[in-house]
Each structure stands twice: as C-alpha cells, then as structure tokens.
Amino acid sequence: MKYLLVCLVGGTLILVYLKSVPVHVDKPDCEKTRVVVKCIEDPSDVMTDGLESVQTIVPPNDRSGVPALCHDRIHPIKTENRHLSKVERIKNDLCINNYREEIKKGWKQFQYSNREPKHHNHHKYLTSESVVIEVGGNKGDDASALRELYRPYMYIVLEPMKLVFLKLKERFIGTKNVILYNFGLGALNGIFYVNIEGEEGEFTSLYRSSSVKGTCSLRIVNATSFFLLLGVGCYEVELLILNCGGCEFDVIESLLASNLINFFRHVHFVSHSSLESVPDSVERYCRIQQMLLRTHRPTYQFRFVTETWQRKDIILK
C-alpha cells in the first residue's frame, strides 16, 4: 500500500510517496514496519523548463567574451565530417565485433587496477582556475574528493533525482563555489517518470528498464542549450564528468555534433553500454571512440567501463 505525505519545506509544497515494507522478525506473530521514501515531487517543476536558473560562469582566467556572444562561437561540424572515414569505419566495426571480449577485459583490468580513490588522482591538472562540470552528482562523493584535492574555481553538479538532489544541497550548503542543478542532460528537453532504484535513489536511471514507467519525475534538458547558457564558448571547461546512468551517449554525441567539443579540455565518462534501454549502445560507444579521437586522446581507459580523454593540443606531463 502506498501513502502520500504532503509537507511544506521553505515555502515549497513537497509530495513524498511512501511505501510500507514488512520486516520479518523472529517471533511469528510479530511484524514490524519500516518506512521507505519512494520519491519526492515538487509540483512547481512542471511549470518551468529547468534552464531558468542557469548562471553564466566567467572564470578568472578568461574574460574575453560576454554571454550574448558565446553562441556565435559555436557552429555545427561540416557535413562531410559527420561521417566516419574508411579507416575509422574499419576500427569502428572491429570495436563492435569485439565488444564482449573488450568489456570483459575492461572490467577485469579495472577490478585489478588501483581503483581507490577511483579516478580522482588522475586529474592533477586541475587548478584554482578550473571549471568542473559533473553530470550525475549522486551523493557528491566525487565532488567532495576533487574539491578537497584540487580546489577548482567552480564545481557545477547536475543531479535529476529530487531525493538525491536535496541531500546534495545539505552536503554542500554554504559552499560558494559549488553550483547545483536539479536536472540531467540529454538530447531533448522533457520530464520522464521512473521508479526509484537503490535505497536512496542512487541507482535510478532513465535508461534502466526496471526504472522506467514509474511515478517519480526526472527532468532532462538539452545538453547543448545548457552548456551555452553556462557560457561555454567564451571559456573552456577543464573537466566534464559523466556518470549519469546512460546519458553519456546523448551528451557526448551532442558535443561532437559541433565545435563545442573543443571547449572541453578533459572528458571523463563511465560507460553504461550494457543498459537494456539505451538504444544501440555498443554501436554508439564505438562511434564515439572514433569521433573523439579527432580532437582528444584517451589518457585513462578501461574500454566499455570508464575513461578520461584529453584534448590533443594539451602537452602531456
């Protein structure tokens, strides 16, 4: 049986869906009940497109542009460059055909590598002038670790799950150089309804079949529109982190469709090619590999698992 709890938080009406879950104990005639939060909804969300609150960032090391001109610096790639070359197609097909072997190899290497603290130590290029954007902030562990290690100028976190987002706000309350947005990125704008996955919503994904067609809303906004509103094009993003349960395909493809990809010095993403609701995930992953190689090089890579790409003009240290 589901219950609806209505409460007022900071002037905002919050709807909390609850579910009673029986917990078995030793005594056969005794039953205890625990309450599990299923999802949190803000009715006012449907009245906005999600982008109204986006703030334009002007880093301290680049004041050459103004927001109105940033859009003019971004243009689609030429028609002939939208297709893979003959050599790229050969490598693309090889990647697709070797998928099962490669993902098994990637996971094995990742498990035996020095995973802790995950990829954090790989980003030593971050400085006090760096802008970092993380899509899929989850509990904020990556944001907390990278801020502690490198003290970047601005750290922007996107988290579409309201339940998780509110906990992020609590964790970073009073932190001036952390900006939080309660939406995710994709190819299109929209509100989608999913089921909560994980005790705190941390495994919820728009692209997980067990998550879709639920009662909890996720707002997704167009990736290109978001980056342009941030002012990307007037400055470079030092690091883009994508750990968003499948959105990495839409986001990277959007970047590759224009010269916007050139304004991201490093791109780190976790691949979710095994999610059943991501269409043509293996083919898209392999194509992304070939397209990214035109502008970036992999510096940390476990294929089909997780990887970091660095723009080619940056001198390796």
- Query: Exactly one of (1) crowded, with 21+ Cβ neighbours inside 10 Å; (2) more than 28 Å from H71 (Cβ to Cβ); (3) at pLDDT 95 or above is unmet by I196. Its number?
  - Reply: (3)
- Query: Only one of these conditions is not met by S205: (1) part of a loop (DSSP other than H, G, I, E, B); (2) among the polar types (S, T, N, Q); (3) at pLDDT 90 or above. Which number is it?
  - Reply: (3)
- Only one of these conditions is not met by G106: (1) at pLDDT 70 or above; (2) of a type outside the set (S, T, N, Q); (3) part of a loop (DSSP other than H, G, I, E, B). Which number is it? (3)
- May I ask you to list the residues in the range 166-195 that are in contact (Cβ under 8 Å) with a residue 24 or more places away in the chain and in a helix (DSSP H, G or I)? L166, K167, L168, R171
- Within the range 261-284, the count of residues that are closer than 25 Å to Y125 by Cβ and crowded, with 17+ Cβ neighbours inside 10 Å comes to 10
- Message: Tell me yes or no: at least one residue of the range 265-276 is in a strand (DSSP E or B) and modelled with pLDDT under 95.
- Response: yes
- Task: State whether the residues of the range 134-145 include one that is in a strand (DSSP E or B) and under 23 Å from Y181 (Cα atoms).
- Result: yes
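The values are calculated or read from the model by the stated rules, or taken from the named source; none is laboratory data. Given the structure is predicted, the values throughout are model-derived calculations rather than measurements. Backbone-built Cβ (ideal geometry, glycine too); neighbour counts: all protein chains shown.
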